[in-house]
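A.B. asks: The structure's right below; bear with me while I get my questions together.
What follows draws every value from the coordinates through simple rules; no lab data is involved. Since the structure is predicted, the reported quantities are computational estimates derived from the model, not experimental observations. Quick reminder, even Gly has a Cβ in these numbers, built from the backbone with ideal geometry, and neighbours come from all protein chains shown.
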Amino acid sequence: MQGTNSLMKTLGLLQGPQTLGKGKPFWSAFTLVVALACAYPLFADGYDVGNNVYFFNWAFMALGLSLIWGYGGTLSFGQTAFFGVAGYTYGVISINFGDAYGLTIFALVASVAAAALLAAALGYFLFFGRISGVFLGIVTLSVTLVLERFMAQTAGPEWRVGAARLNGYNGMGGMPSLTIPWFGSDIVLFPDVQLYYFTLALLIACYLGLRILVNSRFGNVLVAIRENPQRAEMLGYDIRVYQLVTFIIGSALAGLSGVLYTSWGNYITPASMGMTAAALPIVWVAVGGRSDLTTTLIGAMLVLAGFQALTIHGSQYALVVMGALLVLTVLIAPRGLVFGLGTLVAGLVNRKPKRQGE
Amino acid sequence: MTVLFSIFSFLYQTGDAFAFLVLSACGLAIIFGMMGVINLAHGEFIMCGAYVCAAAARAGLPLPIAILAGALAAGFAGMVIERIIIRPLYDRPLDTIVATWGVSMVVTQGTLILLGSTMPGTGTPFGSFTVGPYSYSVYRVVLMVAALGTLGLLWVGFTKTRFGVLARATIQVPHIAQALGVNTGLVYSLTFGLGAALAGLAGGLYAPTMTLVPTMGSAFVVEAFVTVVVGGADIFLGTAPAALVLGAVKASLTSWQGQLAGQIGLLVAVIIVIRILPRGISGWILRERT
């Protein structure tokens, strides 16, 4: 890059060694996809558009897991814990303070911060205790399962925070949707076209931001730690700090998913932190190809769409198919189905493979 | 006298928690300690054992035979899964945990589809006895004896029998063991089967005390996970003492604040313990010895 000022340098990090896709073909395709996504509401009913925001809600959690698991090499199976904590926090704050003066935006920020704080506390014990590999996976999974059981028993009237009742297994409802203060009248983000554009913009920002992050010095160190923690440590990097920061960023993204989901459906239940809920992000990310942001995003969208279709046509078999898909991916294409396809296409376009080996 | 009654009550609850932790964790601990594989389908093997046990008991078999049938069925299922799914993944231990999670999803939902949302169980046998003002279930005492018996049998099995020696040799240096003529593939298969059978045994033993639902495994897995995490890789120096310590923690918190506090306390205790002893109790004991 010839860029002289720091902005150009930062933008140059949008493509680099840690992300698939660079050059004209990729960015033309990217622009096309964004244009199509922007044009979609022009051709569809507002109700359908609002429903389809559902898919975008989960994408943040998938991207965060890709960062933690794919780039950092840390198995976190409890991302749903942060999803749930942020969702419940949003509910409690927004029910108590209402949606005037942009307070829901404050609730959003506070909830994501709550998820990040929990991640920082948990991550401190895990990474500074040098817990690695499978143990990290099962401790994080245990955390989300215990949180689910805790929220499930809050049915009684004594479980309330201010005006917000937690409502046990039935879940918490009735919180206001996200509202953006605007001249004249506030924009309430009901599941409709406005929410669609809001979430889409947020998603594109997160996606591009993460691309810059993983191609920056931080991302390169992170991948070095994934490849060989000992070597990275010998080179003088404090791997615990890098892993902790990654864990916090990824968990904050899971929290963002939680807030958007809660605001979208005005509803959150303990089941969103259960065993099944915790498994689904693993499926999206593993099937897509966890070690790349783009393939993760595509994979998550495809699996979500497939899951949705299956739920409509044969609801009880959807989870069986998801489980089987996970097993098959691990056995046949350990780096992900979309990832394999992506490297193939990139190889054909550029006549040479982008990245080899893991 | 009241003090004595309270002490007995605390010991009984600790023993009960100890038995639950040992029985639900030892299958997981064997598979992890011997093969480095965390089996996330552990809860489903427990469910398998419980379902087979309940079905056999309702078909008229005496309860001990039904429990053994549950253990055998789970062990057989474990060997099949090891052969098909785990074996290609031995050099990728992190992927086994993901693959077994997939298995767990398929089995839980498959059971729900095939057998419905609940299954009729069998009543708890033996009735109860009274010490002072409280009454206690006899079957819980049987479970404590079963936990100790299982640990004893495993110890004998791994130190005194030919299979135990071959298994330990295979775990320590697989290539040398293979060169010396040990069928390491078979040893892995049997070890995984043994771990699954122990999970099935736990399911069978607890089947008379629980509601049988397809997701019942998740009632065991958190406790099993934390016991293995605290214990570390060795079942006798790790799992057993970890179960004792955690059992006492859980029993005191449960009697103080209720069952949920017991579980949360367990998890918090674990997170603090791994900060201090990252390799678990067994890692700590072994380092002290050398």
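A.B. asks: Using a Förster distance of 22 angstrom, determine the FRET efficiency expected from the C-beta separation of residue A:220 and residue A:55, and round it to 0.05.
C.D. replies: On the way: r = 31 Å, r/R0 = 1.41.
Calculated transfer efficiency: 0.10.
A.B. asks: Placing unit charges on C-beta atoms (Lys and Arg positive, Asp and Glu negative, everything else neutral), compute the dipole magnitude of chain A about its Cα centre in debye, rounded to 20.
C.D. replies: Taking the Cα centre of chain A as origin, the dipole is about 1180 debye.
A.B. asks: What spacing in nm lies between the two simple spin-label points modelled at residue B:145 and residue A:180, each 7 Å away from Cα in the Cβ direction?
C.D. replies: With each label placed 7 Å out from Cα toward Cβ, I get 7.1 nm.
A.B. asks: What nm value, rounded to one decimal, do you get for the distance between residue A:39 and residue B:61 when each label is placed 7 Å out toward the C-beta?
C.D. replies: 6.5
A.B. asks: Might you report the magnitude of the Cβ-based charge dipole of the protein assembly as shown about its Cα centre, with Lys and Arg at +1 and Asp and Glu at -1, to the nearest 20 debye? Can you show the working numbers first?
C.D. replies: Values: 31 positive and 20 negative charges, 313 e Å.
Computed about the Cα centre, the dipole is about 1500 debye.
A.B. asks: May I pose another question? Suppose a student asked you for the relative contact order of segment A:47-271, using Cα pairs under 8 Å spaced at least 6 residues apart; what percent would you report? Walk me through the numbers on the way to the answer.
C.D. replies: Details: 359 pairs, mean separation 96.5, N = 225.
Worked out over segment A:47-271, it gives 43 percent.
A.B. asks: Moving on to the next point. Would you work out the charge dipole size for segment B:23-214 about its Cα centre, treating the Cβ of every Lys and Arg as +1 and the Cβ of every Asp and Glu as -1, and quote it to the nearest 20 debye? It would help to have the intermediate numbers written out before the result.
C.D. replies: Numbers: 8 positive and 4 negative charges, 64 e Å.
Charge dipole, segment B:23-214, about its Cα centre: 300 debye, nearest 20.
A.B. asks: On to the next question. To the nearest 10 degrees, how steeply does helix A:293-314 sit against the main Cα axis of chain A, on a 0 to 90 scale?
C.D. replies: Result, in degrees: 50.
A.B. asks: Estimate the FRET efficiency between residue A:345 and residue B:92 by the formula 1/(1 + (r/R0)^6), using the beta-carbon distance for r and 25 Å for R0, to the nearest 0.05. List each step's numbers first, then the result.
C.D. replies: Values: r = 26 Å, r/R0 = 1.02.
Result of the calculation: an efficiency of 0.45.
A.B. asks: As a test of understanding, state the convex hull volume per residue of segment B:27-150 from its alpha carbons, in Å³. Intermediate results must be reported in sequence, preceding the final value.
C.D. replies: Details: hull volume 17.3 nm³, N = 124.
Taking the convex hull of the Cα positions in segment B:27-150, it is 140 Å³ per residue.
A.B. asks: Same structure, new question: Which of B:283, A:202, A:32 sits closest to the plus end of the dipole of the protein assembly as shown, meaning its Cα is farthest towards the positive end, when Lys and Arg get +1 and Asp and Glu get -1 on the C-beta?
C.D. replies: The residue sitting most towards the positive pole is B:283.
A.B. asks: Also, quick follow-up: For segment A:139-225, what class follows from the C-alpha gyration tensor (a ≥ b ≥ c being the square roots of its eigenvalues): rounded when a/c is under 1.5, otherwise prolate if a/b is larger than b/c, else oblate? Before the final figure, lay out the partial values.
C.D. replies: Details: a/c = 3.37, a/b = 1.21, b/c = 2.79.
Verdict is oblate for segment A:139-225.
A.B. asks: Taking 7 Å along the Cα-to-C-beta vector as the label spot, tell me the residue B:165-residue B:261 distance in nanometres, rounded to one decimal.
C.D. replies: Spacing of the two 7 Å Cα→Cβ label points: 5.3 nm.
A.B. asks: Would you calculate the volume per residue, in Å³, of the smallest convex hull containing every Cα atom of the protein assembly as shown? Each step should come with its number before you reach the end.
C.D. replies: On the way: hull volume 119.7 nm³, N = 648.
Considering the Cα atoms of the protein assembly as shown, their hull volume per residue is 185 Å³.
A.B. asks: Per DSSP H run of at least 4 residues, take -39500 (n - 2.57); add these up for the protein assembly as shown, divide by its residues and hand me the 222 nm value, nearest 500 deg cm²/dmol.
C.D. replies: Values: 26 runs with 461 residues, N = 648.
The helix contribution divided over the protein assembly as shown gives -24000 deg cm²/dmol.
A.B. asks: Count charges around residue A:237 for me, please; just the other residues with Cβ under 15 Å from its Cβ, Lys/Arg as +1, Asp/Glu as -1.
C.D. replies: Details: positive: A:130, A:217, A:226, A:231, A:240; negative: A:227, A:233, A:238.
Combined, the nearby Lys, Arg, Asp and Glu give +2.
A.B. asks: Next question, about the same structure. Lysine pairs in the protein assembly as shown with alpha-carbon atoms under 17 Å apart, 8 or more places apart or on different chains: how many are there? Walk me through the numbers on the way to the answer.
C.D. replies: On the way: A:9/A:22; A:22/A:352; A:22/A:354; A:24/A:352; A:24/A:354.
So the count of such lysine pairs works out to 5.
A.B. asks: Also, I was wondering about something else. How high is the relative contact order of segment B:1-113, in percent, counting Cα pairs under 8 Å that sit 6 or more residues apart?
C.D. replies: Working: 73 pairs, mean separation 31.1, N = 113.
RCO, segment B:1-113: 28 percent.
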